[in-house]
Every structure is written in C-alpha cells, then in structure tokens.
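Novice: Quick one: the structure is below, questions incoming.
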Amino acid sequence: MSEVEETLKRIQNHQGVVGVIVSNSEGIANRTNIDNSTTVQCSSQFSKLCKLARNCIRELDPENDLTFLRVRTKKNEVMCAAGSGPDDHMLLVIQSPSEN
Amino acid sequence: MPTKGTARGKAPPGADKRKAKTIKDDDTITELREDLDDDWTQPKQLVKPDDQLQLSEAELKEEFTRILTANNPHAPQNIVRYSFKDLQYKQTSSVDQLAIHFALDGNLIHKDSDEARRQLARGEQGVEVVSEHQSEAGDVEKADTGTDTEGGEKAEGESGKEGDGAEDGAPTPAPAAGSSSEKKLTNQFNFSERASQTYNNPLRERGTTTEPPPRATYSSNVTQWEIYDAYQEDFEKQEKSKEKKVVPGRKDEETKRKKLTIVDSQSDDISSVARGAKIIERMVNQNTYDDVAQDFKYYEDQSDEYRDQEGTLLPLWKFSYEKAKKLAVTSLCWSPCYTDVFAVGHGSYDFMKQSNGMILFYTLKNPSYPEYMYQTDSGVMCLDIHPTQPYLVAAGFYDGCVGVFNIHENKGGPIYLSTAKTGKHTDPVWQVRWQKEDLDNNLNFFSVSSDGRITAWTLIKNELHYMDVIQLNTNDLLADAVDGSQLATTGAGMSFDFHKQNDYLFLVGTEEGKVHVCSKMYSSTFLDTYNAHHMAVYRVAWNHYHPRIFITCSADWSVKIWDRTNSKPEPVFTFDLNSAVGDVAWAPYSSTVFAAVTTDGKVHVYDLNVNKYEAICEQLVTPKKKTKLTHISFNTEYPVIIVGDDRGYVTCLKLSPNLRKMPKEKKGTEQVKPEEKAAQKLEFEVNKMEKLLAMVRQPDNKEKEKH
C-alpha cells in the first residue's frame, strides 16, 4: 500500500472523521467511504466552491493560488485540499468536531 | 367534307374528327380515351345544340356503312360545251373531280428562283411585301373556311381567285427588283430548323435530413489570472523550445523520459493528493486535539501566583506508535530548524532483552502518527539531528554501528552505516553528536561507546571514514588479574558533550562514574578527570550560557553541577533525586534552570536562582509508577519539554510560568537589535550564575577563615 493510501486510511480511521472523498477537478469522485449520493453531492458542490474560491484568490493576485479550503459549519468541518493543476485531484474530508 | 354520318351534331372541331374515327367504339371508351389524352384541354361537359336529335341506344349503335370513292359527289355531271367542230353543244365526258377545300399560299420561295432573287434585292421593301402577302393569304384562308361547307362550284371559283391572287402578288415586287442591289442572303434555305419537345419530366422534390452536428453552447468569462496562466504557459514553452535547440542530441533521452513520466502519472492517480492528504491529516488532528493545542499556546497556570515559587507541568500530547510501544525511548532530539519536529530513538536498555530499534520523527502538529520512520535491526541508542541540515540524522546502535539517515531520500535504511571493517564500535554506542564541517567541508560527527573509543566519523562521498580521537582508560593503568597477568582496563564511555564556545573541548562521562575533560588535540591524555559519580554517568552537559559550568547525572541518584575552574574536584551543587537519574538537560532560556528525569517516573525541574536546594517542580508524569522515564529535552522555542519512557511513550509537557521566569526587560530595551539583545541576555545569565557561584563559595571561604 502506498504512502498516500496509508495516510488516507489513517484519516478515515481518525476520530470524528465522517467522510473522505477523493475526486477529480470536475468534481467526480474517485474514491469515497460514504454513500454514493452524498459523495456525488458533496464533491460536485465543493468543487464549485473551490473554483470560486480559487477565482477569488487569483483575481486578487494571479501568482497566488488556493491550496486549502477549510469550511467550518454548524454541524461539522469540511477540509478541502484543492490541487491546482487540471489533473490534480481534490481531497475532501468531513469531520465532526469534538465528538467527545 | 364531314365524313361522319352520325347525327351527333357539332362537337368542338378537334374532338369531332377523332370521334369520327372511333365511331365504332363504345362511347364510354371513347370518352375514357379523351379523358386520358387531353383531359386538361377540354372541359368535360359536352356542348349539345338545342335541336339535337334524341336517339335511342339502339339507334345510336346502328352502323352505317359508307364507301368513300374518289368521285366528287358535287362534281357536275352534265357539263356541256359548244363544239365548233361539230357546231353543237356537247357534253364533256371528263369531269374534274378535284375539290379544293383549303388552299394557302406559302411564303417560302426557293432561293435560286427568280422571285427569291428579286426579293433579296428588294431588301426592306421585301419585308413589307411579305407581310402583305401574309395578310392576303390570311384573307384567303378566312374565305376558305367560310365557304368550307358550300358547294364545289364555289370552291372552284375560289381556287380561281387564288390563282389570281398569286398572279397579282408576283408582279408587284417586280419593279423594285432592279433598283436594289444584289445581296447575298446567308443561309436562306440551307438550314433546317429542328426542334423537338421532350417529355416534361414530372417535377419531384427530394430531400434528406442528415444528423445534425453536435452543438453546445459555450460561454466563458476570461479572468485576469487565466490570461496570466496562458502567458506563463507560453513563456515556458518558449523556454523549452530554446533548450531543445541547444541540445538536439538528447531528443531520444527526452522521449524516453516522457514515456516514463507518462507511465508514472498513470500508475498512481491519487499521488497528486499526497501532500494535501498529509496536511489534511494534520488539520484533522488539530481539530481533535484542539483543546490541547490551545493549552499549548495560551494556557498559563493561574495557580502559580499563589504557589509562591513552585511550578507545575501541564501534560499536553502523548506520542506513541504501535510498532514502538515495547521499545524504550533511548534518545530525544528536537529539530534545530523546525521547532515542532523532534526525533525519537527507540531501543532497549535491558541488556537481556535486545530487539530491533526504531527512529521516529514526530511533529507537534500530528500527535497521532510519526512523520517519518525507520526500522533498524539493532536497537537505537542515540541520535542527533544535524544543526544546519536537519534532514541528516546520525544514530548509534546497540550493536556498535553508527549510521546516518537522510529523511529526504525515501529509503528504508541509513545512507551511511559503519561496518566491522570500517571501525564500528564493539559495544553499544551511547551518544553521537554532529560537529562542524571539517576543512574540506565534509560532514562529520563524533560517537562514544562503552568500548572506550571516542571516534570521529567523516562522510566522504559514499563512505564513512573513522578516526579514533581518544581511547578511554582508567587512571590506574593496569589492574592485576587473579592469575597475576595484567589486564588493561579500558574506560567505557557513556556520554559526552562538546563545549559551546571552544570547539576542541569536550567532556566524557564513563560507566565508572568518572568525567574526563578532553581535547580533540590530545588523543592520549585527559585535561582533567573528575571522580564525579559512583555509578555510570548518563549525561554530561555544558551550560548554555556559562562557559565553565556543566552538569552530570548518574544512576547513583544524583545530579551534580560542576565548575571547571573550581580548584577542588568537587561539585558546586549536588542534588539527590531518590532514584536513578536517566537524563538531565539545561533549559535553553536560563542559565540556572535544568530538568532531570528519574526512573520513578518523575520530572524534576530546578531553578538555582530560585531554590538552590530543592526542585521547584517535582511531578509524576507517567500513568504508572513502574514506568521509568529515560530522557528529556527542552524545546528551544516554546516552553515545553518532551520526556520519553521505557514503554515507548513520549509525553509533551508545558512548563508553568514559575518554571520559566525570564529576566524582566528593562524599559527602553525594546528597540535594541536582536544581536545586542542576545548579548545582553548572555551577560545577564552569566552574571546570574556567577552570583550563585559566589554565594556558594562564600560560606566555604568563611568556613576556611574560621579554621
């Protein structure tokens, strides 16, 4: 198992992590550990958000780029690692904060 | 003229003729044919004269047979002419049977005839004449048709007339013929006009629909950064093309490389998220350990104010790794460059239970899993991270090897490893320490082992070169063995430390409890030797600020502080910690603060400036009392320490404010340059220590005076 997969597995098993989704730049999920419909919705919506956020950042400074997007919501926190290239994948992790 | 005898009366003329021919046919058929042929020309309704006879069906079908003969029925049979020979009227036998029903003079003339010539000569006049001719002919025609049904005599008369007409017409143009010049007409008769009417093909509309080409609406807004990217890409392309031009010979290699990269990119599709995954792992950990992180950064124990001078340790994260759980922590080392990263060496201090070892790199940002890890066959006893190249880690093993790991190279093992051939130690290596690069800029480090050798290792290309710096031996050079033979007793080095300012000066602690002051220059003798402890010296360490002060700790439960310039070989301070002291460390922020860990699981923190006799903090930090603490290390940046125990756990603890009392900054010193600030701090710390030393010495002196 490659290092990346190990890391992903650790994230999945981490306390409070609800879902891990790896999707391509169009928002089509490659792998996931949650049910299909949620995955599709999540990845498509967040890829849009990422695009918007990237647009925002790059409009301000073209040499700058978006690397991560962290969205804290009422229910949980969504962390999004947005690859910059067209072939890069997007990693989406949903975590419920402090389920203690 | 009508040849039919039917009483049908007058039908339209064209149709009549045809009907006459098909008279025998059934009426219905006739009508059908009509329909087929010229349905479109003729209205269907038959026009019947009012006085038409009404015939019955039988009458209609009755056949009348007529025989057509060449005799003119209207021709007169009794024409008589006066015969002058016989002088009487005689009936002429031959009767003209010719009847002309219609005559029309043609206006075509043979071009070779006289008349044609005349006409040609006439030119324009001729045209008029022709038109006259025509009108005349038209008249004749009219007359002809008008008299169509009348008797033969009239027809005869007419024909006579016609002949007159023709005769009339001929002479009229004659006078003009002479006047006009002869002119040759082009192709008057020598041509044939031919025309044929082809069938009109019925018009047909034919069309096919092809599949419509795919269409898509595309719209996009160009953003500033897209333009920027496009330019950047173009720029890179240009650069590349330039490079290609320079070295055309390398094309093959490039294509090969390209192929390779393609294969690579296909094989691991999610490798692009590797970095992201790593950082997200940290984020996830940050979320779960949010409270700990907050404590690490912001929590200051309020109760310290009421506790006078004592302080506490706040446990923060606990680091452990599944595979290293049964291995004791044998060494701890903070990264000199990254204040959140530290390395942990795992091995075993139990002589009987030796197993494999591990080197783990943790970061405070991810307490759940080590950042890097190396598994070793032999237990790791010590390690040190290079001060300027933090990816290089030297390690010493229980089997006497030393090795160098490079965490940049994704290799499972060390990049350098000493072997039996290349001077490896014969006993466990207790401490390694990086040195400044030598004159050739080669990296080198020192190691100390219980085989008595202190060895300098130099990294040259792919090899590890060694040089013994000092061979430890006990002062009583030879001891008598039982059988009378003499055995050389070598000292067993346990620890060493290099002086902060003087490069050559270093201390060596031995298993016998001695501390040697050595110099790299002299390999045979020691500058000084202290009989410091009764048992193995686990650690010697120079003070961070004061150049003459060092500290030792030992298995004999004691921690001692020494002054190099002290005339007597006595420690300045001695502390009994009621348990074997595994490790001691000076605090990087103060000259008078140090911390020690003991085998009963306690951390002792001393501040000599506050209390010369007792620890200002003595705290049990392990869950079970059985757990032995083995090592301790101060973070250089944050007020935290890490302690390792013999169960493989590393605990991070935060020092409460009382444990890290800093000198109050004087007013107006905020603008001082950092270098000056450091110098001031150094001076302050040295003075602080000096004051202490003076205080310690004074009672001695007083005692002496008393004596």
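The values are calculated or read from the model by the stated rules, or taken from the named source; none is laboratory data. Please read all numbers here as calculations on a predicted model, not as lab measurements. Here the Cβ is made from the backbone with ideal geometry for all residues, glycine too, and neighbour counts use every protein chain on show. Heavy atoms of the whole protein, side chains included, go into the accessibility calculation; ligands, DNA and RNA do not. Shrake-Rupley method; radii C 1.70, N 1.55, O 1.52, S 1.80 Å.
Novice: For the range B:259-289, give me the residue count where each residue is within 7 Å of chain A (Cβ to nearest Cβ) and either open to solvent by less than 30 Å² (accessible area, probe 1.4 Å) or at pLDDT 80 or above (or both).
Specialist: 13
Novice: Does the range B:515-525 hold any residues that are more than 19 Å from residue B:693 (Cβ to Cβ) and crowded, with 20+ Cβ neighbours inside 10 Å, and which are they?
Specialist: In the first step, residues of the range B:515-525 are kept if they are more than 19 Å from residue B:693 (Cβ to Cβ); the result is B:516, B:518-525.
If the condition is that a residue be more than 19 Å from residue B:693 (Cβ to Cβ) and crowded, with 20+ Cβ neighbours inside 10 Å, then B:516, B:518 are the ones that fit.
Novice: Out of the range B:572-609, which residues are open to solvent by 40 Å² or more (accessible area, probe 1.4 Å) and either among the aliphatic types (A, V, I, L, M) or on the phi < 0 side of the Ramachandran plot (or both)?
Specialist: Kept after step one, since they are open to solvent by 40 Å² or more (accessible area, probe 1.4 Å), are these residues of the range B:572-609: B:574, B:576, B:578, B:599, B:602, B:609.
Those that are open to solvent by 40 Å² or more (accessible area, probe 1.4 Å) and either among the aliphatic types (A, V, I, L, M) or on the phi < 0 side of the Ramachandran plot (or both): B:574, B:576, B:599, B:602, B:609.
Novice: Can I ask one more? Consider residue A:31 carefully, then state whether it is modelled with pLDDT under 90, within 10 Å of chain B (Cβ to nearest Cβ) and farther than 18 Å from residue B:277 by Cβ.
Specialist: On the way: modelled with pLDDT under 90: yes; within 10 Å of chain B (Cβ to nearest Cβ): yes; farther than 18 Å from residue B:277 by Cβ: no.
Taking the combined requirement at face value, the residue does not satisfy it.
Novice: List every residue pair whose Cβ atoms lie under 7 Å apart, where the two residues are 6 or more positions apart in sequence or sit on different chains, the first residue falls within the range B:96-119 and is open to solvent by 70 Å² or more (accessible area, probe 1.4 Å), and the second residue, located anywhere, is aromatic (Phe, Trp, Tyr) and in a loop (DSSP other than H, G, I, E, B).
Specialist: B:110/B:189; B:111/B:189
Novice: Can you pull out the strands (runs of 3 or more DSSP E) entirely within the range B:316-376 that have at least 1 residues that are farther than 22 Å from residue B:431 by Cα and in contact with a strand residue (DSSP E or B) (Cβ under 6 Å, 6 or more places away or on another chain)? Please lay out each step first, then the result.
Specialist: Numbers: elements: B:328-334, B:341-347, B:357-363, B:372-376.
The qualifying strands (runs of 3 or more DSSP E) are B:357-363.
Novice: Considering the range B:321-365 alone, what residues qualify as being over 40 Å from the mean Cα position of the chain (by Cα), crowded, with 20+ Cβ neighbours inside 10 Å and not small (Gly, Ala, Ser)?
Specialist: B:327, B:329, B:330, B:332, B:346, listed by residue number.
Here is a yes/no grid of residues against (1) within 59 Å of the chain's Cα centre (by Cα); (2) open to solvent by 30 Å² or more (accessible area, probe 1.4 Å):
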residue	(1), (2)
B:505	yes, no
B:547	yes, yes
B:553	yes, no
B:561	no, no
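Novice: Taking the range B:620-655 as the search range and keeping residues that are in a strand (DSSP E or B) and in contact with a Cys (Cβ under 9 Å, 6 or more places away or on another chain), which one is farthest from residue B:333 (Cα to Cα)? Even if it seems obvious, please write down each step before you answer.
Specialist: Just the residues of the range B:620-655 that are in a strand (DSSP E or B), to begin with: B:620, B:629-634, B:640-645, B:650-655.
So of that shortlist, the ones also in contact with a Cys (Cβ under 9 Å, 6 or more places away or on another chain) come out as B:633, B:640-643, B:655.
Working: B:633: 7, B:640: 13, B:641: 11, B:642: 9, B:643: 11, B:655: 18 Å.
Restricting to residues being in a strand (DSSP E or B) and in contact with a Cys (Cβ under 9 Å, 6 or more places away or on another chain), the top hit is B:655.
Novice: Could you identify the single residue in B:398, B:369 that is under 33 Å from the mean Cα position of the chain (by Cα), within 23 Å of residue B:650 (Cβ to Cβ), in the same structural domain as residue B:343 (by TED's automatic domain parsing) and hydroxyl-bearing (Ser, Thr, Tyr)? Break it down stepwise before answering.
Specialist: Values: B:398 fails: under 33 Å from the mean Cα position of the chain (by Cα).
The conditions single out B:369.
Novice: Still on this structure, I have one more. Anything in the range B:216-241 that is open to solvent by 100 Å² or more (accessible area, probe 1.4 Å), modelled with pLDDT of 90 or more and more than 14 Å from chain A (Cβ to nearest Cβ)? List them, or say none.
Specialist: Correct list: B:217, B:237, B:240.
Novice: Out of A:45, A:41, A:95, I need the residue that is more than 22 Å from residue B:228 (Cα to Cα) and facing chain B (nearest Cβ under 9 Å). Which one?
Specialist: On the way: A:45 fails: facing chain B (nearest Cβ under 9 Å); A:41 fails: facing chain B (nearest Cβ under 9 Å).
So the residue among A:45, A:41, A:95 that is more than 22 Å from residue B:228 (Cα to Cα) and facing chain B (nearest Cβ under 9 Å) is A:95.
Every residue, every condition in (1) more than 7 Å from every other protein chain (Cβ to nearest Cβ); (2) under 22 Å from residue B:283 (Cα atoms), yes or no:
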{"residue": "A:51", "(1), (2)": "yes, yes"}
{"residue": "A:55", "(1), (2)": "no, no"}
{"residue": "A:58", "(1), (2)": "no, no"}
{"residue": "A:64", "(1), (2)": "yes, yes"}
{"residue": "A:76", "(1), (2)": "yes, yes"}
{"residue": "A:80", "(1), (2)": "yes, yes"}
{"residue": "A:89", "(1), (2)": "no, yes"}
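Residues are listed down the side, and each one gets a yes or a no for (1) open to solvent by 70 Å² or more (accessible area, probe 1.4 Å); (2) not in a helix (DSSP H, G or I):
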| residue | (1), (2) |
| --- | --- |
| A:4 | no, no |
| A:9 | yes, no |
| A:15 | yes, yes |
| A:25 | no, yes |
| A:31 | yes, yes |
| A:39 | no, no |
| A:42 | no, no |
| A:51 | yes, no |
| A:63 | yes, yes |
